[in-house]
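J.: Got a structure for you, questions after.
The values are calculated or read from the model by the stated rules, or taken from the named source; none is laboratory data. Treat the numbers as computed from the prediction; the structure is a model and nothing was measured. Using ideal geometry, Cβ is built from the backbone for each residue, glycine included, and neighbour counts are taken over all protein chains shown.
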Amino acid sequence: MWGSSLGALLILLYVTSPFLVVFFLLVFLSVRRGRQAEKLLNTSKKRLAVAEVLWLMLVASIWTAVNVSSLSWIPAGVGDPALAVPAAGEQVLEVEAFMWGYNLSTTTLEAGRPVRVVAWSTDTLHSTGIYSPDGELLVTLMLMPGMREQVLLTLEPGVYTLRCLEFCGDGHAFMSAVFTVAGAGGG
């Protein structure tokens, strides 16, 4: 749901709701002050109070117009990116990240065939790095709960390591997994 347009709208509401509460409180207090000013103040002060209320309403209108016009900038949800159906000949490595480990759908892949890595988190933010057999960082995937990320790789034979690159708690330093890419002959 969070990767959809509805999710983007909910995030917008969650982020703006504290500001809306403060805004409406200010409007209420300004209108109340304006009404009290009519009874207690002379004409020039009444005009000042009315001007304050009108100024606040102008600012509120501009704020609302800017926020409404920016709704078109929110990216539309594309559904679940897991998403692309693997092409013929592709291998799929599914990676489930959780505190403080990984579940891999397989630990052995074949060299010479593309590998589609589809990864997600079940609990918190993780940034998974895939390292080559010689320790070179090949790719990173930012994993958020409810979202799936994917990358298509062509890998040489060897043992590859996955490591979490985003601090995720006490066991973060030990969060890793390995998978093997076997040569064309299986060895």
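J.: Can you say whether residue 133 is surrounded by fewer than 16 Cβ atoms within 10 Å (Cβ to Cβ) and over 30 Å from residue 6 (Cα atoms), as far as the supplied structure shows?
T.: Working: surrounded by fewer than 16 Cβ atoms within 10 Å (Cβ to Cβ): yes; over 30 Å from residue 6 (Cα atoms): yes.
It is true that residue 133 is surrounded by fewer than 16 Cβ atoms within 10 Å (Cβ to Cβ) and over 30 Å from residue 6 (Cα atoms).
J.: Just checking, does the stretch 28-35 include any residue being on the phi < 0 side of the Ramachandran plot and modelled with pLDDT of 80 or more? Outline the logic, then answer.
T.: If we filter the stretch 28-35 for residues that are on the phi < 0 side of the Ramachandran plot, which is where we start, we get 28-35.
Imposing the further condition that a residue be modelled with pLDDT of 80 or more reduces the set to 28.
Taking every residue of the stretch 28-35 in turn, at least one turns out to be on the phi < 0 side of the Ramachandran plot and modelled with pLDDT of 80 or more.
J.: Just to verify a result, which residue in the stretch 97-123, among those that are part of a loop (DSSP other than H, G, I, E, B) and surrounded by fewer than 16 Cβ atoms within 10 Å (Cβ to Cβ), is farthest from the chain's Cα centre (by Cα)? Break it down stepwise before answering.
T.: First, pick out the residues of the stretch 97-123 that are part of a loop (DSSP other than H, G, I, E, B): 99-100, 105-107, 111-114, 122-123.
Subsequent filtering for residues that are surrounded by fewer than 16 Cβ atoms within 10 Å (Cβ to Cβ) retains 105-107, 112-114, 122-123.
Numbers: 105: 24, 106: 27, 107: 28, 112: 33, 113: 31, 114: 27, 122: 14, 123: 13 Å.
Ranking the qualifying residues of the stretch 97-123, first place goes to 112.
J.: Quick one: what pairs do we get from the stretch 7-36, first residue within 13 Å of residue 60 (Cβ to Cβ), second modelled with pLDDT of 80 or more and β-branched (Val, Ile, Thr), C-beta under 8 Å, 6+ apart or different chains?
T.: 30/53; 31/53
J.: Of the residues that sit in the stretch 173-187 and are touching a strand residue (DSSP E or B) at 6+ places or on another chain (Cβ under 9 Å) and assigned to a loop (DSSP other than H, G, I, E, B), which one is modelled with the highest pLDDT?
T.: 175
J.: While we're here: Does the stretch 124-135 hold any residues that are of a type outside the set (Phe, Trp, Tyr), part of a strand (DSSP E or B) and over 22 Å from residue 89 (Cα atoms), and which are they?
T.: As a first pass, look at the stretch 124-135 and keep what is of a type outside the set (Phe, Trp, Tyr): 124-130, 132-135.
The next check asks that each one be part of a strand (DSSP E or B); those that pass are 126-130.
Answer for the stretch 124-135, where residues must be of a type outside the set (Phe, Trp, Tyr), part of a strand (DSSP E or B) and over 22 Å from residue 89 (Cα atoms): 126, 127, 128, 129.
J.: Now, a different point. Looking only at residues that are in contact with a Leu (Cβ under 9 Å, 6 or more places away or on another chain) and not in a strand (DSSP E or B) in the stretch 136-161, which one is surrounded by the fewest Cβ atoms within 10 Å (Cβ to Cβ)?
T.: 144
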